[in-house]
Every structure is written in structure tokens, then in C-alpha cells.
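Novice: Dropping a structure here in C-alpha cells format, bear with me for questions.
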Amino acid sequence: MKVAIHQPNFLPWAGYFYKLLRADIFIFFDTVQFPRGKSYCSRVKIKSPQGARWLTVPVKGKGNFLPIKDVQVAGYDWVKKHLGTFKAYYSQAPYWGTFSPGIENIYRDTWRYISDFNIALIKFIAAAIQADTKFIRSSDVDLECSDTGEYIINLVKAVGGTVYITGQGAGTMRYMDEQKFNQAGINVEQTNYEELTYDQLYGHFVPGLSVVDILFNTGIEARDIILSGNN
């Protein structure tokens with residue numbers, strides 16, 4: 001049983017969905033502290049005619065050491081702005097009409113917590129790329145959140161995992177002691193994701209964008225493009 005764990009990020013990039021597609025179970029790590037600095041939990045890059053630009057969801061209490069699950073969105077003025085930005089930049093993309101109504105419906109709902117909003121978007125996109133992964137929130141697993149490394153191991157064990165899929169970013173490796181995973185009966189599968197290029201609007205290829213860029217531009221090919229990207 002392969003397990004991947006990640007914070008519920010806002011419309012994350014292809015590498016996030018690569019791990020999700022390869023996992024049998026994907027755990028939304030919503031019990032860890034919301035990052036106090038700039039965070040992919042509340043912002044992501046999309047592509048404009050002038051290049052990549054940030055799209056940000058404003059939140060309350062960012063510096064209050066709250067777990068991600070307890071962080072609230074700040075008002076709703078950003079909803080109209082986001083939807084207008086998506087339409088301005090992607091309405092000419094080949095699959096805009098296929099996927100934009102579903103994304104808009106999620107945006108139009110009244111979300112109190114950013115984790116709930118992000119998870120709804122991730123699940124929508126997972127369905128669009130035909131993922132058959134099971135989703136669990138760490139907050140729904142009855143475990144004490146203590147040392148992060150041990151906590152991850154215990155989460156994987158709690159859901160019956162035998163393989164842990166992880167990236168190689170600095171934040172991830174800070175908690176990665178492969179020997180401890182092996183001692184717990186868990187094999188570690190490390191990924192080093194590098195995006196496969198695909199046709200984008202507005203000129204040369206820009207990596208690291210939100211997965212919506214792939215979805216709007218490639219449609220049903222998005223799944224294969226994502227899965228082909230690992231180095």
C-alpha cells in the first residue's frame with residue numbers, strides 16, 4: 001500500500017499530483033502548522049500574457065501558529081477577482097469550457113477554512129485526471145501530533161501503508177530518516193519531479209505553474225503528461 005502525505009496546497013503544481021496519482025492513499029497533512037511566511041497553502045503561480053504571476057487566497061491569523069485546518073479565509077472579495085483572472089488568462093485555452101464550470105462552482109461555495117477549499121479543488125482535479133486514490137485528512141486519524149518525522153511514520157502505519165512516497169525538497173528531507181522508516185516496516189520511494197513540457201498559451205514554456213494550466217491546455221492528456229514528468 002503506497003501512501004503520500006502533503007499539506008492541502010492551493011491549486012498545486014504537477015509534482016503534487018504526480019505523488020497523488022502514484023499513491024493508493026493520499027493524506028492531507030492539515031494538522032501541521034500553517035507556514036508563517038509565503039506559502040503554497042495559499043498561493044500559486046498561473047500564466048498571463050506577461051509571464052508567470054501569483055494568485056493568492058488571503059487568510060486570517062497567519063502568524064498565530066495555527067494548524068492548517070484552523071486557518072480561515074479572509075473575506076470573499078478575492079473570489080470574483082480570481083474567477084475574473086482565470087477567465088482573462090485561460091478562456092482561449094482548448095479545454096477552458098470543459099473544466100472551468102466545475103472550478104467556478106467550488107469557488108462560489110462559501111468556505112470558512114482554506115483547507116476545506118483547497119481540498120475540494122484538489123479532489124475535483126483528481127477526478128478530472130481520473131485518479132483512483134483514496135483521500136484522508138491527518139486530522140481524521142487518531143494520533144498525537146508530536147515530532148514531525150515520527151508523526152509521518154505513524155500516519156503511514158495507521159492507514160496500512162508499506163511504501164511512503166516522498167519528494168526531495170529541503171522541507172521534506174528535514175524530516176526524512178529512511179532508516180527509521182525501514183525499521184517501522186516502511187519502504188521509502190523518493191521522487192525527483194521535473195515537468196514534461198506541453199503546449200501553453202503565451203509563448204515559451206513556463207514550469208512550476210498550477211495544475212490548472214495543464215488541465216486547461218491539455219485536457220484528457222493531463223494525466224499522462226503529469227505521470228511522464230518524473231526524473
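No value in this document is a laboratory result; all are computed from the given coordinates. Model, not experiment: these values are computed from the prediction. Using ideal geometry, Cβ is built from the backbone for each residue, glycine included, and neighbour counts are taken over all protein chains shown.
Novice: Order of THR85, THR31 from fewest to most other C-beta atoms within 10 Å? Please list the in-between numbers first.
Specialist: On the way: THR85 15, THR31 22.
Listed from fewest to most nearby Cβ atoms, that is THR85, THR31.
Novice: Only four residue types carry charge here, +1 at the Cβ of Lys and Arg and -1 at the Cβ of Asp and Glu. Report the dipole size of the chain about the Cα centre in Debye, rounded to the nearest 20. Before the final figure, lay out the partial values.
Specialist: Working: 24 positive and 22 negative charges, 159 e Å.
Using Cβ point charges on Lys, Arg, Asp and Glu, the chain gives about 760 debye.
Novice: Rounded to the nearest 5, what % of DSSP beta bridges with both residues in the chain are antiparallel?
Specialist: On the way: 11 of 26 bridges.
Once the DSSP bridges in the chain are tallied, antiparallel ones form about 40 percent.
Novice: Another question, then. How large, in Å, is region 29-97 by the Kirkwood hydrodynamic radius built from its alpha-carbon pairs?
Specialist: Averaging 1/r across every pair of different Cα atoms and inverting gives 13.7 Å.
Novice: Which ordering of TYR76, TYR107 is given by a fewest-first count of other beta-carbon atoms within 10 Å?
Specialist: Least to most surrounded, the residues fall as TYR76, TYR107.
Novice: Find the relative contact order for the chain and round it to a whole percent, using C-alpha pairs within less than 8 Å whose residues are 6+ positions apart. Please report the intermediate quantities before stating the final value.
Specialist: Details: 375 pairs, mean separation 68.2, N = 231.
Across the chain, relative contact order equals 30 percent.
Novice: Only counting other Cβ atoms within 10 Å, I'd like LEU21, LEU196 sorted with the fewest neighbours first.
Specialist: Starting with the residue having the fewest Cβ neighbours, the order is LEU196, LEU21.
Novice: With no solvent and one equal point scatterer per Cα, compute the Debye intensity ratio I(q)/I(0) for region 120-206 at 0.11 Å⁻¹ and report its log10, rounded to two decimals.
Specialist: The computed values of log10 I(q)/I(0) come out as -0.45.
Novice: Under the rule of -39500 (n - 2.57) per DSSP H run of 4 or more residues, summed and divided by the residues of the chain, what mean residue ellipticity at 222 nm is obtained, to the nearest 500 deg cm²/dmol? Write down the numbers at each step before the final one.
Specialist: Values: 9 runs with 86 residues, N = 231.
-11000 deg cm²/dmol, from helical runs alone.
Novice: Please report the equivalent ellipsoid semi-axes of the chain, computed as sqrt(5 x eigenvalue) of the Cα gyration tensor, largest first, in whole Å.
Specialist: Semi-axes (√(5λ), whole Å): 29, 21, 15.
Novice: Sticking with this one: Among the aspartates and glutamates, which fall within straight-line cross-link reach of LYS81, defined as a Cα-Cα distance under 16 Å, with same-chain neighbours fewer than 8 residues apart omitted?
Specialist: Within the straight-line limit of under 16 Å, LYS81 reaches these aspartates and glutamates: GLU104, ASP109.
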